Amino acid sequence: MRSITTLLCLLFSVSFTADIAAENSDSIVAELKHCAGIENREDRVECYESLGRRVTHAEQGSTAEVASATASSAEVKSSNDKDTMGGYEFETKSAAEQEAEQQMKTRVVLCQKDIDGIWYFKLENGQVWKQVDRQRLAFQGCDFGAIVTNDGIGYILRIDGREGKIRIRRRK
């Protein structure tokens, strides 16, 4: 749903333009006060939207503008069941979708240890990840399945068939 603040700013900016006569401004302010006094949120928003359509129509002198405002009002009403904030619509995702976004099943095709004992892992998709924790690791081959997971703090690498996790950061 549109932010009431945005609607108020729109209404105030439109109502105080030079094109609108002073008596119209007084009636618009009175109608704004009337809308502000409505306790039911949906009725109050509809009052603001209706006033905005009338003011826009008076300023533009166009029925196309009124039709557009009416269509956007209907669109806003149909999206009441969605989470919105500041004009941005948030999509609700299932737990499985969220988990899939945070995990990437892959294959480590090359791993190499630098002079400081830090491991670099090259994945099958070309990404290179660097070990950022200080645990000692040893590998006998570097062709194994793995899962890269975002745990909210950073990324971890879990190697198939091996316990534990390796904290990593993407380098390439």
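No value in this document is a laboratory result; all are computed from the given coordinates. On a predicted model such as this, the values are computed, not experimentally measured, just so you know. Heads up, the Cβs are rebuilt from the backbone with ideal geometry, glycines too, and the neighbour counts pull from every protein chain shown.
Taking other Cβ within 10 Å of each residue's Cβ, how do Ile147, Ile115 sort, fewest first? Don't skip to the end; give the middle numbers.
On the way: Ile147 14, Ile115 5.
The most exposed by this proxy come first: Ile115, Ile147.
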> Tell me, what HN-Hα J-couplings in whole Hz come from the Karplus equation 6.51 cos²θ - 1.76 cosθ + 1.60 at θ = phi - 60° for each residue of the range 127-140, using x for Gly and Pro?
Replying inline: 5, 10, 10, 10, 5, 10, 8, 9, 6, 7, 10, 9, 10, 9
> Going by a ≥ b ≥ c, the root eigenvalues of the Cα gyration tensor, does the range 109-172 fall in the rounded group (a/c under 1.5), the prolate group (a/b larger than b/c) or the oblate group?
Replying inline: rounded
